[in-house]
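Student: This structure is in structure tokens; I'll ask about it shortly.
Laboratory data are not the source of any read-out in this text; all were calculated from the coordinates shown. These numbers come from a predicted model, not from an experiment. FYI the Cβ positions are ideal-geometry reconstructions off the backbone, even for glycines, and counts take in every protein chain you see.
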Amino acid sequence: MLSPWLTTVPLHSAPHVTGYERFHAESPTAEGGAILFSELGCANCHGGSAVTVPRKGPKLVDLSQRIDRDWLAAFLRDPDSGHEGSTMPAMFHGLADEDLDAVLAYLGTLGKGLKLGTPRHANAERGSALYHEKGCIACHAPTPDFHPPHGGGETQVSPLVITHPDLAAKTSLLALAHFLEAPSRYRTDGRMPHFVLDTQESLDIASHLLDYQSSDPRDAKPVAPWPKADAAVVAKGKELVANMNCAACHAIEGQKAAPVVALSGSPKGEGHCLSSDPKAGLPAYDLDEGQRASLLAFLAGDRPTEDRDGGLTLAAMNCYACHDRDGIGGSTAETNPFFIGDEALGDSGRLAPPLTGIGYKLQRGWLEGVLTGAEGSRARPYVKTQMPLYAAHAPALAEWLERIDAPPDAKLLVERKEDLEAGRKLLGILGGTNCITCHTWDGQRSIGIQALDLASLDRRLRPEWFRDYLLDPASYRPGTLMPPLWPGGQSTVPDVLGGDTERQIAAIWSFIREGEGLPEGFPDHGSGQFEIVPTDRPVIQRTFFEGTGTKAILVGFPGGVSLAYDGLGARPVLVWRGPFFDAYHTWFSRHAPFEKPLGGDLSAIPETGAETGRRFRGYRLDEAGNPTFLFTDGDREVSERFAVEDGKLVRTLSWTEGSAPAVAHPDGVAVESTGEGKSLTFIYSWK
């Protein structure tokens, strides 16, 4: 079976480091050299990297259960042949085949014996959707026949993509699924990020990547058993691994890296790692001329000891694939169409937020929670593209970002207890800044678009950043839908706190932090104040309704009998008794959900099978407000009148020609029928 990702590639290609290729490949730079020095593993032997999270190779455990031995042998002999653009250097030039066999024999003993599960179902189509929605395409190529939801539906492949190896030759379905469920078990440096996937999602994505079309994963081939080796061969392999200092990059049980050999300048002559003809026993990189020149520029110059603006670390870890910082990075023209979410919020509803000043914006504990996936740390549930986790490095990253983003002149908010209620008013819609028009509050839906929840901002944000942002939202995120409510520092609400901008912003923060209840004017949905109660005549309400669709017409009759009619399919769908309908979401939300009846005594009306071809023609009301729904059925014109008499629902069906239309009745309801000419009447009653 050939992987759909395997394409014809040159015999050799330079190591592919996305952060270098995107920002430094056009001309050699010392900054590009600093990224390569980290990402090619040079710093693991020589020290001196400014990248905050060290680049490491995968943990060398469970290889005999996860990786095909022949693939690994070819990869170790020539890494680029197994994975185009691999950052793994060639280490076996000058060594005999029996030496490679000995190393493989030793590697096959590492680990405690991995037992893979035996799931019962796989779905490659679902895996394709997950692969393209979760965020994998930020780094990897999309499937050629997958059409993104934006950008005209045309799939384009960025030259920056990290290619997949021939996964079918490298591993098995279950082993790949095991890896995808928790990549950080083996890839501890976060370059392959940890997406939160359950077992089934991981298996489905693996099925997609391997083009595994069977629904039963038990039919998939496992990794072929590795041959057994005697102890002497294993011991020789262990010695070779130690001599090559593999532990400098890889975690290997029982082995330690050799002491760091610091570099004091650019290497001279030949016989070193950057040589075009490197010495046996030293790492060999097939660098292009730009990469070699960038590394030499880095080694020759004043090397940074710390990443003071974030550019090196974010490029090395490819955070720029999704996020921008200070106008640098973010999705590319090729990847942007794959980011999805709530489009009512514009690009803010589907693209990752900026990392500009992120260490100043977020409280350190919250930032760590985002990186570890702490419960409740996802503030933007409407963005479907997932933020991966970096749990092992969360404390170091949070501390580093807080340090480099600390503003020296941040202005503090001065809170006053007497201004708390002014904050309630300012957040609301009655003489305030109308924040709750767009933002949810403590889980309660906003009146309009459903932007992030305001009630938790005090746990997430630093108050100084909150102040700066409100004064100029567009400076942080150009194109944001957030309006400037204090343009030029001047309040748009002069009647609250005398129009004092600083007091108003501080009052809003105080209410978010300490206020109880809802912002002023926020519809109190819990009180039932938007429940429609028919009294003296029927009430008609159009809405989105569960089981009925987007063209639902609800009829509430006095006395507690209600009807849902499908205006698209031209048929009654549901009858219920009890309370009629709560119109809060229908009236106030731009993106109302599919609603449900308030009453609990439900009687569904099944389809007859004869509805195909019907065309709804609207409805009319009689003097008492009872509706008659009109539709055509071929050449026949049909009307259905509904009314309630003595607690019973009366349905009268009339037609112009031919036999009577097919009729279905509510489940569990007693039916009486009478008919004359081209009219039928049905009376529905409850016991």
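Student: How do 218, 459 rank when sorted from fewest to most other Cβ atoms within 10 Å of their own Cβ?
Tutor: Ordered from fewest to most neighbouring Cβ atoms within 10 Å, 218, 459 come out as 218, 459.
Student: Around residue 637, which amide H atoms from residues at least 5 apart in sequence, or from another chain, sit under 5 Å from its own amide H, with H modelled in the peptide plane?
Tutor: Amide H neighbours of residue 637: 656, 657.
Student: Can you flag which of 648/687; 59/279; 115/170; 596/648; 59/170 are past 20 Å Cα-Cα?
Tutor: Going by Cα-Cα distance, 59/279; 596/648 fall outside the 20 Å limit.
Student: Same structure again: Which lysines, if any, have their Cα less than 19 Å from the Cα of residue 134, not counting same-chain residues under 8 positions apart?
Tutor: Cα-Cα hits under 19 Å: 384.
Student: Ranking request for peptides 480-490, 421-431, 312-322: highest mean number of other beta-carbon atoms within 10 Å first, then the rest in descending order.
Tutor: Highest to lowest by the protection proxy: 312-322, 421-431, 480-490.
Student: Would you please state which residues of region 113-146 a label at residue 198 would reach in this model, taking the label point 7 Å out along Cα→Cβ and a backbone N cut-off of under 19 Å?
Tutor: Within reach of a label on residue 198, which here means backbone N under 19 Å from a point 7 Å along Cα→Cβ, region 113-146 contributes 117-135.
Student: Sort out for me the Cα centre separation of region 107-156 from region 606-670, rounded to whole Å.
Tutor: Comparing the Cα centres of region 107-156 and region 606-670, I get a distance of 49 Å.
Student: Extending each Cα 7 Å along its Cβ direction at residue 239 and residue 594, get the distance between those two points in nm, one decimal.
Tutor: 7.0 nm
Student: Note down the relative contact order for the chain as a percent, whole number, built from C-alpha pairs under 8 angstrom at least six residues apart.
Tutor: Details: 1305 pairs, mean separation 76.3, N = 687.
The value is 11 percent.
Student: Under the rule of at least 5 residues apart or a separate chain, name every residue whose amide H is placed under 5 Å from the amide H of residue 582.
Tutor: 532, 598
Student: Related question: Would you mind getting me the FRET efficiency between residue 215 and residue 645? Use the beta-carbon distance for r and R0 = 56 Å, nearest 0.05. Intermediate results must be reported in sequence, preceding the final value.
Tutor: Working: r = 54 Å, r/R0 = 0.97.
Once the sixth-power term is evaluated, E becomes 0.55.
Student: Can I ask one more? What is the Å³ per residue value for the convex hull set by the Cα atoms of region 473-591? All intermediate terms of the calculation are to be shown ahead of the outcome.
Tutor: On the way: hull volume 21.3 nm³, N = 119.
Looking at region 473-591, the number lands at 179 Å³ per residue.
Student: Sticking with this structure for a sec: For residue 232 and residue 150 in one chain, what is 0.36 nm times their gap in residues minus the Cα-Cα distance, to one decimal in nm? Write down the numbers at each step before the final one.
Tutor: Working: separation 82, 0.36 × 82 = 29.52 nm, distance 5.90 nm.
23.6 nm is the gain from fully extending residue 232 to residue 150.
Student: Specify, per residue and in Å³, the volume enclosed by the convex hull of the alpha carbon atoms belonging to the chain. The partial results should precede the final answer.
Tutor: Details: hull volume 147.1 nm³, N = 687.
That works out to 214 Å³ per residue.
Student: So what's the gap between the Cα centers of region 409-458 and region 67-87, to the nearest angstrom?
Tutor: Each part reduced to its Cα centre gives a spacing of 56 Å.
Student: Considering all projection directions equally, how large on average is the shadow of the alpha-carbon convex hull of region 417-522, in square nanometres?
Tutor: Here the figure is 6.2 nm², rounded to one decimal.
Student: Please arrange 545, 631 by counting, for each residue, the other beta carbons lying within 10 Å of its beta carbon, fewest first.
Tutor: With the sparsest Cβ surroundings first, the list reads 631, 545.
Student: Let me understand region 531-685 better: what is its radius of gyration from the alpha carbons, and its Dmax, in angstrom?
Tutor: Every Cα atom of region 531-685 included, Rg and Dmax give 15.0, 47 Å.
Student: 5 Å is the cut-off here: which amide hydrogens, built 1.01 Å from N in the peptide plane, fall below it relative to residue 123, excluding neighbours closer than 5 in sequence?
Tutor: Placed amide hydrogens put 204 under 5 Å from residue 123.
Student: For region 618-635, in order, what is each residue's ³J(HN,Hα) by Karplus, 6.51 cos²θ - 1.76 cosθ + 1.60 with θ = phi - 60°, in whole Hz (x at glycine and Pro)?
Tutor: Working through the residues one at a time gives x, 8, 10, 10, 7, 4, 7, x, 6, x, 10, 8, 10, 7, 10, 10, x, 8 Hz.
Student: Per the Cauchy relation, a quarter of the hull surface: what is the mean projected area of the convex hull of the alpha carbons in region 80-198, in nm²?
Tutor: 9.8 nm²
Student: Lysines within cross-link reach of residue 236: Cα-Cα under 19 Å, excluding same-chain residues under 8 positions apart?
Tutor: Correct list for residue 236: 228, 256.
Student: Mind giving me the FRET efficiency for residue 475 and residue 157? R0 is 35 Å, r the Cβ-Cβ distance, nearest 0.05 is fine.
Tutor: Efficiency computed from Cβ-Cβ geometry: 0.55.
Student: Under a cut-off of 20 Å between alpha-carbon atoms, report the lysines in cross-link reach of residue 361, not counting same-chain residues fewer than 8 places apart.
Tutor: 411
Student: Another question about this same structure. Please state the relative contact order of region 52-185 as a whole percent: Cα pairs under 8 Å, 6+ residues apart?
Tutor: The value is 32 percent.
Student: Each residue of region 18-25 in order: what ³J(HN,Hα) in whole Hz does its phi give by Karplus 6.51 cos²θ - 1.76 cosθ + 1.60, θ = phi - 60°, with x for Gly and Pro?
Tutor: 3J(HN,Hα) across region 18-25, in whole Hz: 4, x, 6, 4, 6, 10, 9, 6.
Student: Going by how many other Cβ atoms sit within 10 Å of their own, how do 244, 91 line up, fewest first?
Tutor: So the residues, fewest neighbours to most, are 244, 91.
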